[in-house]
1. Run residue B:270 past the list (1) modelled with pLDDT under 85; (2) more than 32 Å from the chain's Cα centre (by Cα) and report the number of the one that doesn't hold.
2. Kindly establish whether residue C:158 is open to solvent by 20 Å² or more (accessible area, probe 1.4 Å) and modelled with pLDDT of 90 or more.
3. Looking only at the stretch A:277-287, which residues are without any contact (Cβ under 8 Å) to a residue 24 or more places away in the chain and either under 15 Å from residue A:215 (Cα atoms) or polar (S, T, N, Q) (or both)?
4. Based on what the data block shows, is residue B:518 crowded, with 17+ Cβ neighbours inside 10 Å and farther than 30 Å from residue B:610 by Cβ?
5. All but one of (1) within 16 Å of the chain's Cα centre (by Cα); (2) under 29 Å from residue A:45 (Cα atoms) hold for residue A:98; which doesn't?
6. For residue C:142, are the conditions met, namely being over 28 Å from residue C:7 (Cβ atoms), modelled with pLDDT of 90 or more and open to solvent by less than 20 Å² (accessible area, probe 1.4 Å)?
7. Scan B:366, B:370, B:412, B:385 and give me the residue that is of a type outside the set (Phe, Trp, Tyr), surrounded by 15 or more Cβ atoms within 10 Å (Cβ to Cβ), out of contact with any strand residue (DSSP E or B) (no Cβ under 6 Å at 6 or more places or on another chain) and modelled with pLDDT under 80.
8. Just the residues that are within 19 Å of residue B:160 (Cβ to Cβ) and surrounded by fewer than 18 Cβ atoms within 10 Å (Cβ to Cβ), please, taken from the stretch B:173-219.
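The values are calculated or read from the model by the stated rules, or taken from the named source; none is laboratory data. Not measured: the values here are computed from a predicted model. Positions of Cβ are backbone-derived with ideal geometry, glycine not excepted, and every protein chain shown enters the neighbour counts. The protein model used for the area step is the full one, side chains on, heavy atoms only, and it has no ligands, DNA or RNA in it. Shrake-Rupley method; radii C 1.70, N 1.55, O 1.52, S 1.80 Å.
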Amino acid sequence: MKHLKTLLAGVLVALLAVGLWRGWHSTPEQDTARGYAGLGSAAEGYAEARPGDRLVFPADHGAHPDYRIEWWYLTANLEDAAGRPFGIQWTLFRQALAPPGATEAAPDSPWTSRQLWMAHAAVSTPDGHRAAERFARDMTPAEGPGPAGVRAAPFAAWLDDWRLAAPDGTDSGLDALTVRAAGDGFAYRLTLAAHGPRVIHGDHGFSRKSADGQGSIYYSQPFYRIAGTLTVDGEEHAVSGRAWLDREWSSQLLGPGQSGWDWFSLHLAGGAKLMAFRLRGAGRSGGDYLSGSWIAADGTVTPLDGDALRLTPLTRQTVAGRELPTAWRVQVPAQALDVRVAAVHPDQWMATTFAYWEGMVRVTDTQDGTPRGVGYLEMTGY
Amino acid sequence: MSGRRPARRAGVVGVTLATLLSHYRRHPGQLAMLLLGLWVAGALWSSVQAINATARDSYARAEALFETRLDRIERRDGTPLSPATYAALRRDGMAVSPLVAGELTLAGSAAGEAPLRLLGIDPLTLPGTSPLARRTGDAASLRDWLLPPHRLRAAPDVADAARRDPRLPPVEVDPGLPPATLVTDIGVAQRLLGLAGPTRLVIAPEAPAELPDALMRIPARQLASPGQLADSFHLNLTAMGLLALVVGLFIVHAALGLALEQRLGLLRTLRALGVPGRTLVVALGLELLTLGLVGAGLGILGGVLLARLLLPDVAASLASLYDSHVGTRLALPWHFWLGGVAIILGGLASAGAGLLWRVARLDVLALGHAQAWRARLGGLLRRQAWAGGALIMLAAGLGGWLWLTGDRQLVAGFVMVTAALLGVTLWLPAWLAGSWRLAARLGRRRALWAWALADLQLQLPRLQLPMMALLLALATNLGVSSMVGGFRLTFLDWLDQRLLADLYLHPEAERHDALQAWLADQPEVATLLPARHAEATLLDAAAQSAAPVALFGIRPAAVLRAHWPLRLPAAERDAAWQALAAGEVFVNEQLANRYRRRPGDTLTLRGADGRRHRLSIAAIYPDYGNPRPEVVMPVARLTRVFAAPPGSLGVVLRDAPGSRRQRLDALVTRLAARFGPATAESAIDQQALKADATRVFERTFAITRALDALTLGVAALALLTTLLAQAGTRRAQLAPLWALGVSRRRLVGVQCLQLTGTALGTALLALPLGLALAWALVAVINVAAFGWRLPLHLFPLQLLVTLGLAVLVAGLAALLPAWRLWRMPPRQLLQEFAAT
Amino acid sequence: MLQLTDVAKSYPTPQGPLFVLDGIDLHLAPGESLALMGESGSGKSTLLHLAAGLDVPDRGEIHFHERALSALDEPARADLRRRHLGLVFQQFHLVPSLAVIDNLTLQARLADREDPDWTDHLLERLGLTGLEQRYPEQLSGGQQQRLAIGRALAPRPDLLLADEPTGNLDEAAADRVLALLHELIHESRCALLMVTHSARVAAPLDRCLRLHYGRLEPGEP
């Protein structure tokens, strides 16, 4: 879903063929053609996400090295005992630096690999935000796992001691997990338990990302209950709430001319969930490309196309020197949904190597302002 | 009738300046002398500055390369870590980064060429702000770095050589790297060096880490930065450069004074023709500025060339003294050039200010006031002597204070030396005048003798400056030679004491014990002297501050006890060795001086495992040439308590028939057969080691000797230029004698005697000064700068050499003017009468 | 043009100030030539130095072109000397490092008044044509003094001050130099104040005064 945040991944991507560096030195036309962080670069040599691909579990919980980018993306809306809002983000990105077969690891060195790992972790507090990033090369020591990687079963995704994994000795797919991370001034350790089914987006998992047809493979587990401890500036908070895990991989996410996206993952009152995104410049004749999924409380998915979904920016605020729409009107007429989605506070900027806004939002009724849920919003390319 | 001449318009200042400069067209020798003075002063000074700037640049680059700012994590046994260990530490949350370091000999490099330092890094995890760490933003270059064929960053001095080696990845030049350094991806470096894993891990000093027992963490502050260590060396160099500058400025002063005196008439004429005094000062100032700029240009150019010649030796000195690496190519920042020009112009201004002052107050009507000026010289001499005396008192006072308090402060030492040098220098003219008066009284009967001495008094104003330069050069020469000579003697003694074994082995860690056992059984072996090294942290009483110390483990065998030097009376030595065996330690003089410890005091050491150990000091030993504080204890205890990794094995051969060489060869042959050629190759013959050490020592002081010789050369030059400059005046003074019947040969002889006698008088004053300087260098400055003290050796021959040098310098300088006088046709001498 | 009024000048001696000039009144009209005679030490040279602005009187006033010298500072007096006065000394005071032609034009160039025609004329009249590139030491005494006179006249001064200009020359050479001096003075309509102890030298001048113990008396050449 939203998590194209991946954009970050894009980061890695950037590393890709053309890379930012050359992008900065190229003409503006070329820049637009490559899109945010190089995510629009050509994908020759990589496997391509296509309609008709079928997901196989638990193997697809693991990495797909023949695709250029991939991520394991967890967000959670939490509350402490006093009902104050907290949020966490835990993301692992995989990035291929070269297509399969182009450069295989030198047999005599555990250090050389065409894969690169990056992780982001963040905590949102009622009035603040902490974030950290980590990098690791893909390596396979003769014995034991490398510093970063993903194991399909029993599930484990890690970079250094940042870890999202099934508890030791258990293997229930993605249904029961623990997550932990720590950075400058924050740390968290939480337990997740799914109470609903896995959700496959788009056409059996193929999620179209532009009118031109390219897309990604995309599924989620939006039905987590989560509880545990956050530590911010040495102060511990016992928290609980709801979490959402996205899994997505692709070799070309953005079409030419796409500049960024706005991505929503909402936990609505009554148990329904909404995933919706807007890819700016990806629609027909340069318009936006909108798509999403309506997920009923029982896990039934209804794909939403541009006509069934309306995303309207309401208020813009200056964050980290940029103008960002921190309040939106989100409408799904077929589900009689008309809500206002607003940032709990605007200060949730991810000042990472590839920067973006990722933060907790509140959902209220457009008509009477009654609370209608919580969620996460991601905005890139601003 | 000449053709039509165009009118020239140059303004009053322009015409005045051109007229003033026309003097040098008629007297190119004076111009050459001025420029020569500026050139040598500038060249010596700026060469030292160029060397310092290059060294500083190297240090800055070394520090920029993270190595000195990050803690290290290594295996206690010194073997490489496995990639799995690294991965496990990362997964446990320790922010370590793997590093491969080793020496690489480039393909196609000449035999004997030093290998390069090759570092393999992981840019994704390297902590800190090093430009090598995760060059984010620059995605393409990160990809190039991580993927074959990878990239290699090379210091500019070795980039071309690296490009020629086919094993290496494509080369990128990185001016930020220390000299002779290559950096590449860890995988590439590991393969190039043939290693199985990283040689060590690095971690930010503030990052926590809980390490398994096999690993130890070495704090960054124990890896003292090379710049700090070598600071004192550069201070010494700077002092030398300053001395050269002063000596060079003596020449400038003499030349300027002469050029002015000869133009006094011209200046008066110009004033009479309507040039305002102010305009005259401006024009002379412009002349000085022009000369200064030309001289500065020449000086800096010469300095850079000289520095290029000296730099390899300086680099060798620094490498052997402090283990710091300085490039052998000059790296000069912009402020070096600006600073060079400024210091030379400043020096010229110091010499020219007095001149301008005199011109500004020039009495237009006075035609022959040189007499009055000379009359004032008497007063000047007295004032100089007073000031000199005061400075000598200051130096003596400081020396006494340093002696009594035992406080070895570098700055106080330098102030004392400067005051002594300056004081005696100022006192020199009075000393010479007094000596001449005394000599004249003794030889009153002999007319020529009396005349020669009276004549010398007349020459004093001119001669005093070059003689001062000679005094400084001689004293420095004596002082520095005494220090180096003493150093050399002590060093060789110390080598004999320390290198007791005939053979030294550095086996691989896993073979150490087997080798030791095997050696102990061999018939040739009389004694085995195993030694180990470890690191610890010295805590002060309140554990408030910590400093790194080296730990050295020895086996106190009889042969070692007999030769190991201790700063103790002979009678107390046995007791000290017993105390060592019973649990006390020895510390080197560096540690004792720096942390003010004496026998009987205690030390608190924190080992690599964090445990504290309180140790009592049994004795202090001299440890020349070692920049670090060191603690000695029996090797068994070092291994047990401080987990020291296996080190070297020294083998003392048994006395037996047959040559030492043969017995050694037999042992090494059996060793190779038993343990393989690699172990045998690690064997070092003690004699080769001594030869190596001696060679390193000689190179260490090559720079000192070079500067020393140059200073003396400059002094000779100053004397020569002065003599040449006053040759005309001398002729007028000698002509009457010649007319009275003194042959030219005798005149030449008298002149040479006058000069060598004066030089000898100067040298007599230089002797005590040089000895004082030697004492200051050995007992104060070296102790403060290097941390160790040498016994002061006096070499009578050196004193004779100093006197001889003085005579030689004066003789050489007198040769050319004497030869001219010798060759002068009588007609020219007659002209002296015609002209008056 | 030059007016000295009640001028006095003394030098300090251990016995108190010694007045070398006392109550001097003197007037010199444009184009007029005046010889100043007297014994050695009578103050002739001092008077000349005062007139040239090289020295200042203890008392009295000196006017040149109606301007009081006492009102001028040192640079202004130097300026006046450069543009309006020519000085000729007994010792010539040529610049040894400058060639003849550069010596000749030195003051003219300093005064920014170099006139090539006048320079050529002077060279010819002084008999120095063809010697332009020589140096003073390569000239005879008479040639050197002629050169010194040329240097003083090159900027076309209003007044030439000459201090025993022929004191260093033999009689024949002195006569030639003097004759030339008078011709050139007339040509350039320049006034002349010449100090000399020689009646022969003083004779051709318009007027003659005698200094005696610091006081001015009418004199006979």
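1. (1)
2. yes
3. Once the filter is applied, which keeps residues that are without any contact (Cβ under 8 Å) to a residue 24 or more places away in the chain and either under 15 Å from residue A:215 (Cα atoms) or polar (S, T, N, Q) (or both), the stretch A:277-287 yields only A:285.
4. No.
5. It fails just one condition, (1).
6. no
7. Going through B:366, B:370, B:412, B:385 in turn, the sole match is B:412.
8. Passing the criteria: B:173, B:175, B:176.
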